[in-house]
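To start, the structure itself, in structure tokens.
The values are calculated or read from the model by the stated rules, or taken from the named source; none is laboratory data. This is a predicted model, so every value here is computed, not measured. Don't worry about glycine lacking a Cβ; one is built from the backbone with ideal geometry, like all the others, and counts go over all protein chains shown.
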Amino acid sequence: MTIDNDVADWWRTKIIDMEPGRIHLRGRPVQDLIGSTSFAKMIWLMVLGEDISGPRAELFEAALVSAVDHGPQAPSIAAARMASTCGIGLQSAMATGLNMLGNVHGGAGEQAVTLYREIDNAGLQKLGECLDAWRTVNGKFVPGFGHRFHKPVDPRAPRLLALVDEAAETGAVAGKFAHIGRAIEHRLSEECGKPVPMNIDGATAVIYAELGCPAPLARGFFGLSRSVGILAHAWEQMEQGGRNKGPTPPAYRWTYEGI
């Protein structure tokens, strides 16, 4: 920061350069991007500052598409729908839903990328040790595996892994994180004596790891993806109407445990 540029240098960015009549995003005139760049590619360019194309772009878009919604029982969706009946605007309802995404609901993808990379660094022969170390620190749940609703298979995961396999055949990605994910799935199923399949978080984490994304971006991209479902449900609820809808119909009461 210099004396002459103390205000201009307060915010520094490589993302956008703008003046009257000119907008450049990552050095590209916005008019050149409009109509020639998909939304998924634009997200990648804006966030990571580089182009993505071919099978890699297709993988990224597939990951975004796969996680858009999981129904009104998902806390982020439920919160947005309830908020929509409280007299607030659509964007506020969306923000309410997005603010429900945290370490438990929405954070598993980031955690799974971190775990995959720990296993990759240690070597697949130390898979068991890595899983034990992870559970010692983080608890019994292994992020990205098992699902309370989709049994025995989360229908999104096999399709995403198949796309990773196809991309690996072309050399667009290495495929090593898909191998690690499948190895974890096999190990957990052996431990439990029943299938513990990879879920959507584990599968999208494979894609983000294959694409070289920093782990926190797996959570950020999940939020972008889920915002589509949040918007759809918030808007649907506004069209349906309703006032001050709570999590259950009014006839259902809570359990009182006081004196």
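Key figures
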| quantity | calculated |
| --- | --- |
| Residue under evaluation GLU185, criteria (1) among the acidic types (Asp, Glu); (2) part of a helix (DSSP H, G or I); (3) not assigned by TED's automatic domain parsing to the domain that holds PHE145, criterion not met | (3) |
| Any hit, region 190-198, residues being in a loop (DSSP other than H, G, I, E, B) and modelled with pLDDT of 95 or more | no |
| Selection status of MET18, outside any loop (DSSP other than H, G, I, E, B) and surrounded by fewer than 11 Cβ atoms within 10 Å (Cβ to Cβ) | yes |
| Candidates ALA168, ALA162, filtered to the one that is aliphatic (A, V, I, L, M), over 21 Å from ASN121 (Cα atoms) and out of contact with any Cys (no Cβ under 7 Å at 6 or more places or on another chain) | ALA162 |
| Checklist (1) loosely packed, with under 13 Cβ neighbours inside 10 Å; (2) in contact (Cβ under 8 Å) with a residue 40 or more places away in the chain applied to PRO155, failing item | (2) |
| Criterion: under 17 Å from the mean Cα position of the chain (by Cα), modelled with pLDDT of 95 or more and crowded, with 16+ Cβ neighbours inside 10 Å - qualifying residue of ALA112, ALA167 | ALA112 |
| Residue tally, condition outside any helix (DSSP H, G or I) and either surrounded by 10 or more Cβ atoms within 10 Å (Cβ to Cβ) or small (Gly, Ala, Ser) (or both), over region 212-259 | 10 |
